[in-house]
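Structure, as structure tokens:
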Amino acid sequence: MKKNKLLLLIGFAIISNYLINHFVFAQDKIIAIVNQEVITQRDLDQFLNFMKVQLVRQYPLDEVEQRIVQIRQDILERLIEDRLILQEAKKEKINVDETRVRAKKEEFKKRFSSQDDFEKTLVSQGMVVADLEEQIRNQLLMIGIIDKKVRSKIKISPSEITEYYDNHIQDFFIPEQRIFDTLIGQDKTKAEEAFRILTETDNLQKAKEITGFTLSDFKAYADGQLKKEVEEVLFSMKLGGVSQPVKVGENFYIFKLKEIIPARQKSLAESSETIHNILYEKKMQQEMVRWIEGLKKKAFIKRIEIN
């Protein structure tokens, strides 16, 4: 068995040296070999471009570039792992429904204002629609094999949920919650007028109409998330009480307390779904690391310096 493995590794080494020598001067430079497949500079660039297309609608361009720089540091390892996962998916004959590929593409396109905007963004990153479809197809293949090899084998027992609840019971304590009707506006004089109307008439609609302020609901927990001076105002009020105008940023807020929900401890039954998800994600991460490390140990991997 050891002899066969040694011969296999020698064979891969010979192949890798041939591939490097054969393609080293080619425009599409090889940056890694994973078993019998190569990862090229173009693969790396295309992956980075795909990431840019995903991020460009969520963040400013300068932030996108910063995130790409951070991603680039570990990108080769990510590409190697993805290639191993894809190889395993093909080995296990995982199939991808092309209707899912098209559906994912359409879902992706909805992030853009128009078809033209979508296509121009792809072109700006050196991609065409076929490249996007291939990336989506590969993602679905990886999801398929991960479902089969990792996710399907994760089990969470009732005893694990109970143990977690007992050890983290403080995480399932709900502090006192208060619900307010809130008038919001930027004019100090109008804010004072709204306060006067509410204290004299208790008429929110009248205060809203006269001042032109926005009326909305506001919920607050006694958990230290609010500014100290705001929390002190809100949690010193009596039911039905109205606060003086409180300035936060550019706005003035007038709060009318309409409901107090006492603090309480969530039961195990109420917390079970949340705990199940926490434990599931933890096990999922652990099993993914174990599974990928197992794939790496069985694979021939040669890394080459990237640009």
Item to check | Qualifying positions in segment 115-129 - among the polar types (S, T, N, Q) and closer than 13 Å to ARG57 by Cβ | outcome: THR121, SER124, GLN125
Item to check | Only listed residue being touching a Leu at 6+ places or on another chain (Cβ under 7 Å), closer than 29 Å to ILE261 by Cβ and among the charged types (D, E, K, R), chosen from ASP181, ASP202, ASP171, ASP166 | outcome: ASP181
Next on the checklist: Can you go through LEU279, LEU226 and tell me which one is modelled with pLDDT of 95 or more, of a type in the set (A, V, I, L, M, F, W, C) and within 31 Å of the chain's Cα centre (by Cα)?
Outcome noted: LEU279
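Of the residues GLU231, GLU250, GLU293, only one is out of contact with any His (no Cβ under 7 Å at 6 or more places or on another chain), closer than 24 Å to GLN177 by Cβ and charged (D, E, K, R); which? Can you show your working first?
Working: GLU250 fails: closer than 24 Å to GLN177 by Cβ; GLU293 fails: closer than 24 Å to GLN177 by Cβ.
It is GLU231.
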Next on the checklist: Going by what's in this entry, would ILE156 be described as among the hydrophobic types (A, V, I, L, M, F, W, C), surrounded by fewer than 17 Cβ atoms within 10 Å (Cβ to Cβ) and either assigned to a helix (DSSP H, G or I) or under 27 Å from the mean Cα position of the chain (by Cα) (or both)?
Outcome noted: no
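Working only within segment 269-280, note down all residues that are among the acidic types (Asp, Glu) and more than 14 Å from SER157 (Cα to Cα). Let's see the steps before the verdict.
Filtering segment 269-280 for residues among the acidic types (Asp, Glu) gives 270, 273.
Result: GLU270, single match.
Does ILE145 satisfy the condition of being within 20 Å of the chain's Cα centre (by Cα), assigned by TED's automatic domain parsing to the domain that holds GLN36 and part of a helix (DSSP H, G or I)? Walk me through how you get there before you give the answer.
On the way: within 20 Å of the chain's Cα centre (by Cα): no; assigned by TED's automatic domain parsing to the domain that holds GLN36: yes; part of a helix (DSSP H, G or I): yes.
For ILE145, the condition - within 20 Å of the chain's Cα centre (by Cα), assigned by TED's automatic domain parsing to the domain that holds GLN36 and part of a helix (DSSP H, G or I) - is not met.
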Checklist entry - Which residues, taken from segment 195-235, are touching a residue at least 12 places away in the same chain (Cβ under 8 Å) and among the small types (Gly, Ala, Ser)? => result ALA207, GLY212, SER216, ALA220, ALA222
Next on the checklist: Given the criteria β-branched (Val, Ile, Thr) and in contact with a Phe, Trp or Tyr (Cβ under 8 Å, 6 or more places away or on another chain), does ILE260 qualify?
Outcome noted: no
Next on the checklist: Can you say whether GLN125 is surrounded by 13 or more Cβ atoms within 10 Å (Cβ to Cβ) and modelled with pLDDT under 90, as far as the supplied structure shows?
Outcome noted: yes
Next on the checklist: Criterion first (at pLDDT 80 or above, over 26 Å from the mean Cα position of the chain (by Cα) and in a helix (DSSP H, G or I)) does ARG102 satisfy it?
Outcome noted: no
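Would you kindly identify the strands (runs of 3 or more DSSP E) lying entirely within segment 171-267 that contain at least 1 residues that are under 30 Å from ILE161 (Cβ atoms)? First the steps, then the outcome.
Details: elements: 177-185, 214-221, 246-248, 251-261.
By residue number, 177-185, 214-221, 251-261.
The values are calculated or read from the model by the stated rules, or taken from the named source; none is laboratory data. Just so it is clear, the model here is predicted, and its values are computed rather than measured. Glycine gets a Cβ as well: all are built from the backbone with ideal geometry, and neighbour counts include every protein chain shown.
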